[in-house]
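In what follows, a structure is listed as structure tokens, so that the remarks can point back to it.
The values are calculated or read from the model by the stated rules, or taken from the named source; none is laboratory data. These numbers come from a predicted model, not from an experiment. So basically every Cβ, Gly included, is an ideal-geometry build from the backbone, and we count neighbours across all protein chains shown. Ligands, DNA and RNA are stripped out before the accessible areas are found, and what is left, the full protein with its side chains, is counted by its heavy atoms. Shrake-Rupley method; radii C 1.70, N 1.55, O 1.52, S 1.80 Å.
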Amino acid sequence: MSNKPTFQITTEKLGNPKGVTFIGIRGYLDAHTFEEMEKTINELFEGGVYRLIIDLSRLDYISSAGAGVFIGAVGTCQDNDGNIVLVQPSQEVKEIFELLGVYQIFPVVQTRAQASELFTKKVP
């Protein structure tokens, strides 16, 4: 058995800005765990939540399958007046995002407050 960090997702509905959910991810988001991430996002969509702040500061690794979850979901968010804002990717994750062109698709900020601000400016 490898000693990869346990994959973990936490979600927290924010009262301010309204209608935004904060998602914290920890561990490895790869071919073994991306379905769990996909399920979490789809459950939020079913609940009418399309404004997501995703904290990547504790994500040790992301594969193209993992990034694909966000890339696949961002269109649905934007079609429903939402978006996905990525917060504080680690150096390893940044390098993968650069290779995949993720920076052209998502706003990437350094703090949760900056991410919240992006949604505050776009109140429907």
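Is one or more of the residues making up the range 77-92 under 18 Å from P5 (Cα atoms), free of Cβ contacts under 8 Å to residues at least 60 places away in the same chain and open to solvent by less than 10 Å² (accessible area, probe 1.4 Å)? The answer is yes; a qualifying residue exists. Candidates F97, F34, F119, F70: the one that is among the hydrophobic types (A, V, I, L, M, F, W, C) and over 13 Å from the mean Cα position of the chain (by Cα) is F119.
Determine whether L86 is modelled with pLDDT of 95 or more and not β-branched (V, I, T). So L86 passes the test. Just one of the numbered conditions (1) within 21 Å of L118 (Cα to Cα); (2) surrounded by fewer than 20 Cβ atoms within 10 Å (Cβ to Cβ) is not true of D60: (1). For the range 74-94, the tally of residues that are within 19 Å of R26 (Cα to Cα) and either in contact with a Pro (Cβ under 8 Å, 6 or more places away or on another chain) or outside any loop (DSSP other than H, G, I, E, B) (or both) stands at 8. Looking only at residues in the range 1-57 that are assigned to a strand (DSSP E or B), of a type in the set (A, V, I, L, M) and more than 21 Å from L118 (Cβ to Cβ), the one that is least open to solvent (accessible area, probe 1.4 Å) is L29.
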